[in-house]
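Undergrad: Right, I'll just put the structure down here and ask away after.
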Amino acid sequence: MHVSDLATEVDLDPRYSGIARLRSQTRFYDAVIDEIDGRRIRVGEHWLTDWASCNYLGFDLEPQIIDGVRDELRRWGTHPSWSRMLGNPALYPRIEERLAALLGAPDTLVLPTITQIHLSVIPALAQRGTLLVDSRAHKTIWDGCVFARAQGATLSRFRSLDELASLLAGGALAAPVLVCMDGVNSMTGNVPDIRKYLDLCRAHGAILYVDDAHGFGVIGERREDETSPYGAAGNSIVRYFGESYDDIVLVGGFSKAYSSLLAFLAVPTVLKNRLKASAAPYLYSGPSPTASLATVLAGFDVNAERGDKLRAELYRMSMRVLNHVRGLGVFTPNTDDTPIIELPIALDRDLVEISELLWERGLFVTLAPYPGVPRDQVGFRVQVTAANTDEQVDHLNDVISELAAAGVFQEAREGSAS
């Protein structure tokens, strides 16, 4: 077999065939974006409104943050090219201290990406113990668990809280036991009741490992002066439910709400120090660029000054879209009113054909093909950000109405928010 033949093998592999078809037949895959203007993007000569961005708070366009990066670049250069094991610019401890204070966590450890965290930290924590993984968890969590299984851990999936309870109570599980799941789900936008999972884990001596990539910066602690049902401060799902960090490892990232290449764990200091000796990204990986570190620090300032105002605007515009979708009788799995709005298409409709219409109407969205999602969830997702405008929401809603009238979407299901 020649190397070029491997491309055909990938295209025919059912694990990748849906994505391969999108790559070859749609303009949404590998699009080269030539220019941005707020939440508008230009691909070639074609302008579209960007509904695929995860920059929920609009920090990517925030002048205060952009200006704040320049001084740090002059001070540190573009890239502190030591692994963290060897040397840490003072930016790192500043970030970790401020992050721990924001989260109300005992300590934090920042590393370049969540994917690197899952692939290195899950095996380090699981050892030869037991991994129980929510079937809805992000694929990068699953990849980290598969790597841990190759090193001796036992791996099982659960589909509900009751099924997890049965697994935990079903017999002697090799310790340590790690339960892995998403916080705010990256597809449905829904918020799991972490209290119930934590109560169950604590009752059985298990550790809950939560990836709240899409929740950090958006949801946070509930209090009387909150500006929206998202809560205040954007300090993630643990604080949103008023929980402590006992028996939980919180993973989050700055690449969504904070618009920066950096990720973190909230852990006790003793575990942080252990990971400094066992997590490959800390020991061997190149670090995040100076601009990313500076973006996070400037983002903390903007969040403290007016983050709750931005979250209120984010909630208002998200509800404009969700109320419109629900009013049309269109199904969306989003029942918790977050800015992630998935719109599955009818089973007899073709995603490639629909993507072309979306492109012509000037909407840039996230396509969700099989096998990335189950067949009955194939469709597309829009992500609202605080940098979108009411005029853009009006246009989005008009196109959704057009698609609904053409029978593109699944109808609302009994018991759904629609």
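The values are calculated or read from the model by the stated rules, or taken from the named source; none is laboratory data. Computed from a predicted structure; not experimentally measured. We place every Cβ from the backbone using ideal geometry, glycine too, and count neighbours over all the protein chains shown. Remember, those area values only see protein heavy atoms, side chains included, never the ligands or the DNA or RNA. Shrake-Rupley method; radii C 1.70, N 1.55, O 1.52, S 1.80 Å.
Undergrad: Can you give the extra length, in nm with one decimal, that the chain gains between S156 and E353 once fully stretched, where that is 0.36 nm per residue apart less the Cα-Cα distance? Provide the component values of the computation, followed by the final result.
TA: Working: separation 197, 0.36 × 197 = 70.92 nm, distance 3.74 nm.
Computed gain between S156 and E353 is 67.2 nm.
Undergrad: If you don't mind, there's one more thing I want to ask. What do you reckon, how do T78, T290, T188 stack up by accessible area (1.4 Å probe), largest on top? All intermediate terms of the calculation are to be shown ahead of the outcome.
TA: Working: T78 110, T290 0, T188 30 Å².
Descending order: T78, T188, T290.
Undergrad: Multiply the residue gap between E97 and M85 by 0.36 nm, knock off their C-alpha separation, and tell me the result in nm, one decimal place.
TA: On the way: separation 12, 0.36 × 12 = 4.32 nm, distance 1.82 nm.
Full-extension gain reported as 2.5 nm.
Undergrad: Any idea how far the Cα center of region 183-203 sits from the one of region 344-418, in Å?
TA: So the separation of the two Cα centres works out to 26 Å.
Undergrad: Tell me the relative contact order for the chain as a rounded percent, counting alpha carbon contacts under 8 Å between residues six or more apart. Please list the in-between numbers first.
TA: Details: 814 pairs, mean separation 94.5, N = 418.
Contact order relative to length: 23 percent.
Undergrad: Roughly speaking, to the nearest percent, how much of the chain's 1.4 Å accessible area is carbon and sulfur?
TA: On the way: 9120 of 17960 Å².
Roughly 51 percent, rounded to a whole number.
Undergrad: By accessible area of protein heavy atoms, probe 1.4 Å, what ranking do D246, D350 get, highest first? Working shown, then result.
TA: Details: D246 95, D350 50 Å².
My answer, sorted largest first, is D246, D350.
Undergrad: Tell me which GluC sites (Glu not before Pro) from region 41-139 have a DSSP coil assignment and no more than 16 other beta carbons within 10 Å of their own.
TA: E45
Undergrad: Skipping prolines and chain starts, which residues have an amide H placed within reach, meaning under 5 Å, of the one on E411, given they are 5 or more residues away or on another chain?
TA: Sorted by chain and number, the residues that satisfy this are F331.
Undergrad: Follow-up question, since we're still on this one. Rank-order 247-253, 196-202 by packing density, defined as the average count of other C-beta atoms within 10 Å over each peptide's residues, highest first. Write out the running numbers ahead of the final one.
TA: Numbers: 247-253: 23.9, 196-202: 17.6.
With the highest mean Cβ count within 10 Å placed first, the list reads 247-253, 196-202.
Undergrad: Here's another thing I want to ask about it. Please list, in chain and number order, the residues 5+ apart from V184 or on another chain whose amide H is under 5 Å from its amide H, with Hs placed from the backbone.
TA: Under 5 Å from the amide H of V184 lie the amide H atoms of H214, G215, each far enough along the sequence or on another chain.
Undergrad: Set Lys and Arg Cβ to +1 and Asp and Glu Cβ to -1, take the dipole of the chain about its Cα centre, and tell me which of L328, Q383, V191 lies farthest positive.
TA: Going by the Cα projections, it comes out as V191.
Undergrad: Now for a separate question. Just for the chain, what percent of DSSP beta bridges are antiparallel, to the closest 5? Don't skip to the answer; put the middle values down first.
TA: Numbers: 26 of 46 bridges.
Of all bridge pairs located within the chain, approximately 55 percent are antiparallel.
Undergrad: Rounded if a/c is under 1.5, else prolate if a/b beats b/c, else oblate: with a ≥ b ≥ c from the C-alpha gyration tensor eigenvalues square-rooted, which is region 252-331?
TA: Details: a/c = 2.81, a/b = 2.06, b/c = 1.37.
The shape class here is prolate.
Undergrad: For the peptides 275-283, 179-187, what is the packing order when you average, over each peptide's residues, the other Cβ atoms within 10 Å and list the highest mean first? It would help to have the intermediate numbers written out before the result.
TA: Details: 275-283: 17.7, 179-187: 24.1.
The peptides rank, most packed first, as 179-187, 275-283.
Undergrad: Something else: Taking the Cα centre as origin and putting +1 on Lys and Arg beta-carbons and -1 on Asp and Glu beta-carbons, what dipole magnitude results for the chain, to the nearest 20 debye? Walk me through the intermediate numbers first.
TA: Details: 40 positive and 54 negative charges, 268 e Å.
In debye, rounded to 20, the chain gives about 1280.
Undergrad: Let me ask something additional. For the chain, what does the accessible surface come to per residue with a 1.4 Å probe? Please give it in Å². All intermediate terms of the calculation are to be shown ahead of the outcome.
TA: Values: 17960 Å² over 418 residues.
Computed with neighbouring chains in place, this is 43 Å² per residue.
Undergrad: Per the helix-only calculation at 222 nm, which mean residue ellipticity applies to the chain, given -39500 (n - 2.57) for every DSSP H run of n ≥ 4 and division by its residues, nearest 500 deg cm²/dmol?
TA: Details: 14 runs with 168 residues, N = 418.
When only DSSP H runs of four or more count, the value is -12500 deg cm²/dmol.
Undergrad: Something else about it: Most fluctuating residue of G362, G87, G189 in a GNM of the chain with Cα springs under 10 Å: which is it?
TA: Answer for the Gaussian network model of the chain: G87.
Undergrad: May I pose another question? Name the helices (complete DSSP H segments) of the chain with a Cα length along the long axis of 15 Å or more and a Kyte-Doolittle mean of at least 0.0, or state none.
TA: 91-103, 114-126, 139-150
Undergrad: Using the Cα centre as the reference, give the magnitude of the dipole from point charges on the C-beta atoms of region 259-365 (Lys, Arg: +1; Asp, Glu: -1; all else neutral), rounded to the nearest 20 debye.
TA: On the way: 11 positive and 12 negative charges, 124 e Å.
My answer is approximately 600 debye.
Undergrad: Tell me, what HN-Hα J-couplings in whole Hz come from the Karplus equation 6.51 cos²θ - 1.76 cosθ + 1.60 at θ = phi - 60° for each residue of region 251-265, using x for Gly and Pro?
TA: Values, residue by residue: 10, x, x, 9, 7, 9, 4, 9, 6, 8, 8, 6, 9, 8, 10 Hz.
Undergrad: Give the lysines reachable from K272 as a straight Cα distance under 29 Å; neighbours fewer than 8 places away on the same chain don't count.
TA: Once the sequence-local lysines are set aside, what remains near K272 is K139, K196, K256.
Undergrad: With each pseudo-label sitting 7 Å past Cα toward Cβ, what's the R202-S401 distance in nm, one decimal?
TA: If labels sit at R202 and S401, their model points lie 4.9 nm apart.
Undergrad: Calculate the FRET efficiency for E411 and V146 from the Cβ-Cβ distance with a Förster distance of 41 Å, rounded to the nearest 0.05.
TA: Numbers: r = 37 Å, r/R0 = 0.89.
Result of the calculation: an efficiency of 0.65.
Undergrad: With springs only between Cα atoms under 10 Å apart, run a GNM on the chain and tell me which of A203, A126, A386 wobbles the most.
TA: In this elastic network of the chain, the residue with the biggest mean-square fluctuation among A203, A126, A386 is A203.
Undergrad: Keeping every protein chain in place, order L132, L167 by accessible area at 1.4 Å, biggest value first, i.e. largest first. Could the numbers behind the result be given before it?
TA: Details: L132 5, L167 55 Å².
Largest accessible area first, the residues go L167, L132.
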